[in-house]
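Have a look at the structure below before the remarks.
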Amino acid sequence: MRTTVGIIGAGPAGLLLARLLHNAGIDSVVLESRDRAYVEHRQRAGILEQGTVDVLRAAGAGERMDREGLRHDGIELRFDRRRHRVDFPALTGGRSVMVYAQTEVCKDLIALQLKEGGPLLFEAEALAVEGAGGDAPRVRFRHEGREDVLECSYVVGCDGSWGVARKAIPAELTRVFERTYPFGWLGILADVPPSHDELVYARHDRGFALLSMRSPVVSRLYLQVPEGTDAEAWADEEIWDELERRFETGDGWRLERGPITQKSVTPMRSHVHEPMRYGRLFLAGDAAHIVPPTGAKGLNLAVGDVVTFARALTYEQETGSAELLDAYSETCLRRVWQAERFSYEMTTLLHRPADATPFEDRIQLARLARIAGARAAEQDLAEGYTGFPLE
C-alpha cells in the first residue's frame, strides 16, 4: 500500500489532518489501532477555541457543531465566595469558545472521511515507523490478522504519547521537558442540566472545582483530588457534597444534583517533546505535547499542529519549496510553549497543593483579585483561553 501521507491515529488530530489534505487534493491513509465504536465514544476535552471552530467550519466539518454545540462568551471565576465573569468578546475583539465534545468532533470527521476521503483503517495497529530519516518512510502495521507496510512520502504521528511515531526519533536528537503535578481531577458525568450557563472555575481552600457541561441536559464536573485517587472510592453523595462546598458563594447560588453516570480520575502533567519533526516524520498532538486540562488546550493544540502541517505540505506541492515543512517544528513549538505557559498559570492559579502555606494562599487570592480588578490581566486570560493565533 502506498500514499503521500501516512497518518497514525484517528483521534481529532489525525482525522482533521486527513480532511484538510483531502480538501487540498493530497492523498492519505489513516491507521487507527482501536475500533470505530471506541474512537467515537472515548470521553475527552470539550472546549473548542475560536480558531478550532473556524478551521472545522472551513473544512466542511462544522454543520452539526454549529447546530448542537454551545457557544460560550465567557467563564466565571470563583474565589473567596466571590464571583467574577470574564467576558471574552469584550476583551478579545469578538472571540468566543464552543462547548462541543471531542467524541462528537471525531464522529463528524469519521463520517466525512468514510464518505469522501481516503482509506481509514480501524483495528490497524502501527508497529513501527521505518526510514523516517530518509526520503521513503514506511509504517509497518497489523490489520485483519496480518502484517502489512504503508509506504509514504511523509508520516504524521497522531498516536499519542505512548505511540510508535515518537519512538522513531533517535533519543540523542530529542529533548523532553515535563512536570507532573501531585494532584488530579476526579471527573463525573451527570444526567442533570448544568447549574450555570457558562463554565465555572473555582479556587477553594479545599481544592479546585470546575463546573462544565456536555449538553443542555448533561453536566460535566471536576474536583481536585490527590494523585492516585481511586474514583470509585468516592460515593456519589460525597462528590456532590464536596462540589457544593467548593462552589459556594455569598449570594445563595445552588448546585443542582442528579444521577452520576460516569466517574474517572485524570492525572495532571505537562510534557513537551522537541523536536516535533525528524526527516519526513512529523509529530502532532499528544505525540509531541501534553498540557494539564485546566486551560482547555490539548485538542486545540493538536488542531494547530495539523493545520500547520497541511499548509506546509500544500505549499510544497504548489511551489516545490520545503521551506514551511522545514520550519514545522519551530512554528508549532512557539504556539505549544505559549499554551504550556497558559495552562501552567491557570493550574497554579486555581489548584491548592496539600502543602500550601498561608503565604501561597494569599498570593493565589491576590492573583485572582488582580484578574477581577485589572482589565489588562483579565484580557491576558481571555486571549489565552480563546486561543493563540494559528500561524
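A short reminder: the numbers here are calculations on the coordinates, not readings from a lab. What you see is a predicted model, and the numbers here were worked out from it, not measured in a lab. In this analysis, Cβ positions are derived from the backbone assuming ideal geometry, glycine residues included, and neighbour counts consider all displayed protein chains.
Quantify how much of the Cα-Cα distance distribution of segment 188-288 extends past 18 Å, in percent.
In whole percent, the long-distance tail amounts to 55.
Residues in segment 270-282 carry Karplus couplings, in order, of 10, 7, 9, 10, 10, x, 9, 9, 9, x, 9, 9, 10 Hz; the curve used is 6.51 cos²θ - 1.76 cosθ + 1.60 with θ = phi - 60°, and Gly or Pro positions show x. For segment 295-354, the Cβ-based charge dipole about the Cα centre amounts to some 460 debye (Lys, Arg positive; Asp, Glu negative; other atoms uncharged). Taking the C-alpha atoms only, the angle from helix 236-247 to the longest principal axis of the chain is near 70 degrees. Remark: segment 127-202 carries a charge dipole of roughly 360 debye about the Cα centre, counting +1 on each Lys and Arg Cβ and -1 on each Asp and Glu Cβ.
Rg ratio for segment 284-389: its Cα radius of gyration over 2.2 N^0.38 Å, N being its residue count, equals 1.37. Fully extending the segment from residue 115 to residue 37, taken as 0.36 nm per residue of separation minus the present Cα-Cα distance, adds 26.4 nm. Between the Cα long axis of helix 375-386 and the first principal axis of the chain there is an angle of about 40°, rounded to the nearest 10. With the largest listed first and rounded to whole Å, the semi-axes of the equivalent ellipsoid of segment 336-391 from the Cα gyration tensor are 24, 15, 6. When the charge dipole of the chain is built from unit charges on Cβ atoms (+1 for Lys and Arg, -1 for Asp and Glu) and taken about the Cα centre, the candidate among 247, 28, 217 whose Cα reaches farthest toward its positive end is 247. The dipole here belongs to the chain: it is taken about the Cα centre, uses +1 on the Cβ of Lys and Arg and -1 on the Cβ of Asp and Glu, and is about 420 debye. Evaluated at q = 0.07, 0.08, 0.11, 0.13 Å⁻¹, the base-10 log of the normalised Debye intensity for the chain, with identical point scatterers placed on the Cα atoms, takes the values -0.33, -0.43, -0.80, -1.08. Among the chymotrypsin sites (Phe, Trp or Tyr not before Pro) within segment 219-256, not one is in coil by DSSP while having at most 11 neighbouring Cβ atoms inside 10 Å.
Across segment 236-322, Cα pairs under 8 Å and at least six residues apart give a relative contact order of 17 percent. Shape analysis of segment 17-172 yields a ratio of the Cα radius of gyration to the Kirkwood radius, Rg/Rh, of 1.07.
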